[in-house]
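Here, each number is a calculation from the coordinates, and none is a lab measurement. Model, not experiment: these values are computed from the prediction. Methodologically, a virtual Cβ is constructed for each residue, glycine included, from the backbone with ideal geometry; neighbour enumeration extends over all protein chains shown.
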Amino acid sequence: MSTISPDSGPQKWTIDSSHSSIDFSVKHMGVFTVRGSLGAVTGAAETDGSTITSASLSIDIAGITTGNEQRDAHLKSADFLDVEKFPAMEFKSNSVEKISDAEYSLTGDLTIVGKTAPITIKVEIVPPVKDPWGNTRSGVTGAGKLLRSTYGITYNATLETGHFLIGDEISFTFDIQATAG
């Protein structure tokens, strides 16, 4: 693949679900870290030249996996993500701040289990390339944190050590690839 110059005008991008992922981690019993992945990511973004102007994502949370079927089933239940009622979480950007040629701060609304709250995430743009089939591809990588209690996900238990069974803070990382057009 070769690097190409970004188009000087507005460009629409479609997320390539097969080359995109969102992973998360949370403290368990105050000591251990549980890691997992969310399901397919779909959505779109727009750029103007090399600047991101908007982004919207839908993340299949019914596809959550932590490597433990029993835990995955519990996470999908009404105690946590209630995937029967809310099979996806949604992000829609409201503002974009360019930090450098490759770094941006996206602020938007994140909706989980029907509750919406603002979130700001830092992203790094992967410069556009032409793939072997003639498609223009680009993407973003990044990381962030959120509190699950912000979205009303409060299932927990206090252990005799004083730690909570499940931490409130969720850390996440993502790699999202998109094609132009």
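Do we find a residue being surrounded by 13 or more Cβ atoms within 10 Å (Cβ to Cβ), in contact (Cβ under 8 Å) with a residue 60 or more places away in the chain, in contact with a Ser or Thr (Cβ under 8 Å, 6 or more places away or on another chain) and polar (S, T, N, Q) anywhere in the range 124-137?
yes
All but one of (1) surrounded by 19 or more Cβ atoms within 10 Å (Cβ to Cβ); (2) under 19 Å from the mean Cα position of the chain (by Cα); (3) more than 22 Å from S17 (Cα to Cα) hold for I166; which doesn't?
Checking I166 against (1) surrounded by 19 or more Cβ atoms within 10 Å (Cβ to Cβ); (2) under 19 Å from the mean Cα position of the chain (by Cα); (3) more than 22 Å from S17 (Cα to Cα), the one that fails is (2).
State yes or no: is K115 over 14 Å from the mean Cα position of the chain (by Cα) and among the charged types (D, E, K, R)?
In short, yes.
Would you be able to say whether some residue in the range 71-81 is of a type in the set (S, T, N, Q), assigned to a loop (DSSP other than H, G, I, E, B) and free of Cβ contacts under 8 Å to residues at least 24 places away in the same chain?
Checking the range 71-81: at least one residue is of a type in the set (S, T, N, Q), assigned to a loop (DSSP other than H, G, I, E, B) and free of Cβ contacts under 8 Å to residues at least 24 places away in the same chain.
Condition first: surrounded by 14 or more Cβ atoms within 10 Å (Cβ to Cβ), more than 20 Å from the chain's Cα centre (by Cα), among the charged types (D, E, K, R) and in a strand (DSSP E or B). Can you find one or more residues in the range 60-67 that meet it?
Checked against the condition, which is being surrounded by 14 or more Cβ atoms within 10 Å (Cβ to Cβ), more than 20 Å from the chain's Cα centre (by Cα), among the charged types (D, E, K, R) and in a strand (DSSP E or B), the range 60-67 yields no hits at all.
Right, I52: among the β-branched types (V, I, T) and closer than 25 Å to G167 by Cα or not?
no
Within the range 143-163, take every residue that is among the aliphatic types (A, V, I, L, M) and more than 20 Å from G114 (Cβ to Cβ) and give me the one that is nearest to the chain's Cα centre (by Cα).
A143
With respect to V96, is the statement that it is at positive phi, of a type in the set (A, V, I, L, M), surrounded by 12 or more Cβ atoms within 10 Å (Cβ to Cβ) and free of Cβ contacts under 8 Å to residues at least 60 places away in the same chain true?
When the stated conditions are applied, V96 does not pass them.
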